[in-house]
Amino acid sequence: MKKIALFFVLSCLTIFSFMLHFTVSAFEPIDYWYSTSNMIGRFTSSTISVRLYLEDDAMSSSDLATYYSFASGEWDDLIENDFSVITSGYPLIEFWSITRDSADSLYFPATAVGATSVSKATTPYARFTKLSGGTVSFYNLNYSIVMLIWDTDGTDGSVQTSNFSAGLWENIACHEMGHAIGHYGHSTEGMDNLMYSTTQPYTVYGINTPQYCDWKQIWLVYSPE
């Protein structure tokens, strides 16, 4: 979840996976790893379907569509998979704007401004050893839910988000979309990367798009565009 200075990702396991698993040489070394998590995921579908959802009293539908388009466009430029909005049926990614009350009911911290929940297969399709030590696991994803949190007053210690600039919302939406397509954890390579754990990539550097280490991490599981 992303806070004004901190962000965490909720990940949940599913009981069944209907995706194809295959195995590569387990525990062979991996050349690099730029995440605080030891997991990474991917959608195997060539088209990543997305459906936009809006709670009453959340951000406007036009703003939600704008921030989705920005985020999906930036990641779409990096990977071969395409993003496609659907208006019915079950998408691979639900892209929401929710209110602070809903965020509170989900027990998100009062300082949270965005969150992503990811459902993945129970068993990884590959494992590797990091050069720095430890094992990393690669998973197929089932679906993800992105939530941008709209707060109009910032009372009781919460962060008001209704006064955020468009650039900051682009940063949050693009960061969350990175989690939604499989980037677990946050960047280990400093705050000049989009997937860093705070909003400082934008507030300090004006960054609202994926950077070099963000690209490299997601290219571990997706083919480059």
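The values are calculated or read from the model by the stated rules, or taken from the named source; none is laboratory data. Keep in mind that this is a model prediction, so the values were computed, not measured. In this analysis, Cβ positions are derived from the backbone assuming ideal geometry, glycine residues included, and neighbour counts consider all displayed protein chains.
Here are some notes:
- Within the stretch 19-63, the set of residues being small (Gly, Ala, Ser) and modelled with pLDDT of 95 or more comprises SER35, SER37, GLY41, SER45, SER46, SER49, ALA58, SER60, SER61, SER62.
- GLU94 of a type in the set (D, E, K, R) and part of a strand (DSSP E or B): yes
- Test result for ASN171, among the polar types (S, T, N, Q) and either assigned to a helix (DSSP H, G or I) or free of Cβ contacts under 8 Å to residues at least 60 places away in the same chain (or both): yes
- In the stretch 167-189, of all residues being among the small types (Gly, Ala, Ser) and either closer than 13 Å to PRO210 by Cα or crowded, with 17+ Cβ neighbours inside 10 Å (or both), the one that is farthest from the chain's Cα centre (by Cα) corresponds to SER187.
- Note on the stretch 85-115: among residues that are farther than 26 Å from GLN160 by Cα and not polar (S, T, N, Q), the one that is surrounded by the most Cβ atoms within 10 Å (Cβ to Cβ) is LEU92.
- The number of residues in the stretch 209-225 being surrounded by 23 or more Cβ atoms within 10 Å (Cβ to Cβ) and either aromatic (Phe, Trp, Tyr) or farther than 17 Å from ALA126 by Cβ (or both) comes to 2.
- Residues of the stretch 123-144 that turn out to be surrounded by fewer than 20 Cβ atoms within 10 Å (Cβ to Cβ), among the β-branched types (Val, Ile, Thr) and assigned to a strand (DSSP E or B), as a count: 2
- Selection within the stretch 174-211 - under 24 Å from PHE83 (Cβ atoms), outside any loop (DSSP other than H, G, I, E, B) and aliphatic (A, V, I, L, M): MET177, ALA180
- Where PHE164 falls short, out of the listed (1) over 17 Å from the mean Cα position of the chain (by Cα); (2) surrounded by fewer than 17 Cβ atoms within 10 Å (Cβ to Cβ): (2)
- Residue match in the stretch 113-128 (condition: modelled with pLDDT of 95 or more and farther than 30 Å from ILE30 by Cα): yes
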